[in-house]
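*Asks:* Once you've had a glance at the structure underneath, I'll fire off some questions.
Nothing in this text is a laboratory measurement; each read-out follows from the coordinates by a stated rule. Since we're looking at a predicted model, the values are computed, not measured. Methodologically, a virtual Cβ is constructed for each residue, glycine included, from the backbone with ideal geometry; neighbour enumeration extends over all protein chains shown.
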Amino acid sequence: MRLFILLFFISTTLSGQEVGPRKPWQMIGSVLNIAQEKDVLLFNKGFEDGLAEGDHAWFWSHNSKGFRAVCLKVSESRSLWQPYRVEDESLLKTDIALLARQATSPIFVPSPEDSDRL
């Protein structure tokens, strides 16, 4: 009887977990460090905040859009990002509060020279 009750509770907790696509995220964080070439930056949010490798995000301050970046590597509380579309160079510095919002992956648009091969 105890085994039956135990199996019943285990089955209800397993079926109650959410399965499906991740929800879009938005968070406030700061840049901890930037590489010399400004091609990689260390952000103070990680997978415990909902980030995953390959995520794309917009980073901006309260008054200007900063840059768009892709997440290269994620640890528990930090992540490495590579900016690929910079709108405001002044936001690529450390110790500044930034709002990060998840974005969709960029769409590949072929150039006119490549369109005849498609």
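*Asks:* Mind checking the dipole of the range 23-105: about its Cα centre, +1 per Lys or Arg Cβ, -1 per Asp or Glu Cβ, Debye to the nearest 20?
*Replies:* Values: 10 positive and 11 negative charges, 36 e Å.
Approximately 180 debye in magnitude.
*Asks:* Another question, if that's okay. Name the residues whose placed amide hydrogens come within less than 5 Å of the amide hydrogen of residue 73, ignoring near sequence neighbours (fewer than 5 apart) on the same chain.
*Replies:* Amide H to amide H, under 5 Å and 5 or more residues apart or across chains, residue 73 pairs with 80.
*Asks:* Bin width 5 Å, alpha-carbon pairs only: give the P(r) of the range 23-105 as whole percents, running from 0 to the bin holding the largest distance.
*Replies:* In order of increasing distance, the bins hold 3, 17, 32, 29, 15, 4, 0 percent.
*Asks:* Ok, one more. If each residue's Cβ is checked for other Cβ atoms within 10 Å, how do 88, 49 rank with the fewest at the top?
*Replies:* Working: 88 14, 49 17.
Lowest to highest Cβ neighbour count: 88, 49.
*Asks:* From the residues 102, 91, 44, which one has its Cα farthest along the dipole of the range 23-105 in the positive direction, the dipole being from +1 and -1 charges on Cβ of Lys/Arg and Asp/Glu about the Cα centre?
*Replies:* The residue sitting most towards the positive pole is 102.
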